[in-house]
1. What are the semi-axes of the equivalent ellipsoid of region 1-123, taken as the square roots of 5 times the eigenvalues of the Cα gyration tensor, listed largest first and rounded to whole Å?
2. Working from the alpha-carbon coordinates of region 125-199, get Rg over Rh, Rh being the Kirkwood radius.
3. Given the rule -39500 (n - 2.57) for each run of at least 4 DSSP H residues, summed and divided by the residues of the chain, what is its mean residue ellipticity at 222 nm, to the nearest 500 deg cm²/dmol?
4. With just the Cα atoms defining each centre, how far is region 134-193 from region 89-110? Give it in Å.
5. Give a residue-ordered list of calculated ³J(HN,Hα) values for region 137-150 (Karplus: 6.51 cos²θ - 1.76 cosθ + 1.60, θ = phi - 60°; whole Hz; x for Gly, Pro).
6. Roughly how compact is the chain, stated as its Cα Rg over 2.2 N^0.38 Å to two decimals?
7. With an 8 Å cut-off on Cα pairs and a minimum separation of 6 or more residues, tell me the relative contact order of the chain in percent.
8. I'm a student and want to see the number: the projected area of the Cα convex hull of region 166-228, averaged over all directions, in nm².
Amino acid sequence: MTPDGHPTSLSWSGMTHVGRVRKNNEDAFLALAYDAQEVRYLGKVGESTLDHSDFVFAVSDGMGGANAGEFASRTAVARITRLMPKVYRLAAQRLAGGVNDALEEIFSHVHEELNRMGRSYAECSGMGATLSMACFSPGWMHFGHIGDSRIYYLPKEGGMMQVTQDHSYVGWLRRQGKLNEREARNHPGRNVLNQALGAGHQILNPHFGAVSCHPGDKFLLCSDGVMDGLWDNRIAEYLSTPGDQPKAFKIVERAVAESGKDNCTAVVVEFAS
């Protein structure tokens with residue numbers, strides 16, 4: 001830990017699965033370490049420290065006909081790398097507002113790129129993607145989010161919470177207390193988004209914010225296929241229970257077994273206690 005109690009050691013795992021129904025996987029995830037000069041791609045499982053690098057993890061769920069959704073999600077995560085050194089420099093200066101501005105630039109760039117390709121190529125018409133990304137620097141997780149993928153936060157003492165807001169009418173109803181988890185999951189309009197990158201949307205209003213990090217904290221980024229298979233309390237159980245299998249692998253495996261109607265992707269980030 002740093003002198004002010006912020007954790008410096010973290011571990012991660014990431015997994016994606018096509019599911020049991022779909023023929024192609026429109027989900028994608030990203031794991032990077034970065035500093036002021038460069039970015040480095042990480043493996044599906046690993047551990048490191050925040051001593052010399054920060055980290056970014058992202059999950060994207062694509063949409064569109066043919067293979068356009070698959071291409072959209074991969075475009076979204078691929079475009080992140082260019083601006084991460086700028087995020088590092090701003091975070092190192094403790095400029096939280098600047099970090100949000102950099103994240104907003106990333107989202108705007110991806111949005112414009114997907115819309116441009118949608119206009120230019122018939123096979124890409126209407127393609128879009130969700131994007132949930134989390135940037136970890138000493139003491140903080142800064143996030144940017146749009147769509148209905150999610151970021152969950154499980155503090156060491158328990159009480160998992162959803163950090164991001166689902167950009168859908170059903171998500172709004174849930175936040176207003178007009179639907180419970182079961183009703184939201186069974187609502188006929190649960191997959192209809194009012195915000196996404198690309199998809200012909202003209203107005204973009206992503207959700208940006210930050211969470212203070214402490215030893216023993218855990219974070220989950222996941223696509224909606226995970227929520228289709230697992231209730232929130234089961235997700236919290238898998239996050240908090242030690243096991244031989246990496247936590248992201250376990251969550252995806254169980255989500256596919258319980259449902260598997262959609263692609264399933266999870267990234268788990270854990271701070272050492």
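1. Working: eigenvalues 183, 76, 19 Å².
One finds semi-axes of 30, 19, 10 Å for region 1-123.
2. Reported Rg/Rh, Kirkwood definition of Rh: 1.02.
3. Value at 222 nm, helices only: -9500 deg cm²/dmol.
4. So the separation of the two Cα centres works out to 22 Å.
5. 10, x, x, 9, 10, 8, 10, x, 7, 8, x, 10, 5, 9
6. Working: Rg = 17.5 Å, N = 273, 2.2 N^0.38 = 18.5 Å.
Ratio of Rg to 2.2 N^0.38 Å for the chain: 0.95.
7. On the way: 648 pairs, mean separation 71.2, N = 273.
Computed value for the chain: 26 percent relative contact order.
8. Averaging across all directions leaves 5.9 nm² for the Cα convex hull.
The values are calculated or read from the model by the stated rules, or taken from the named source; none is laboratory data. Quantities reported herein were computed from a predicted structural model and do not represent experimental measurements. Cβ atoms come from the backbone with ideal geometry, glycine included; neighbour counts cover every protein chain shown. For accessibility, only protein heavy atoms count, side chains too; no ligands or nucleic acids. Shrake-Rupley method; radii C 1.70, N 1.55, O 1.52, S 1.80 Å.
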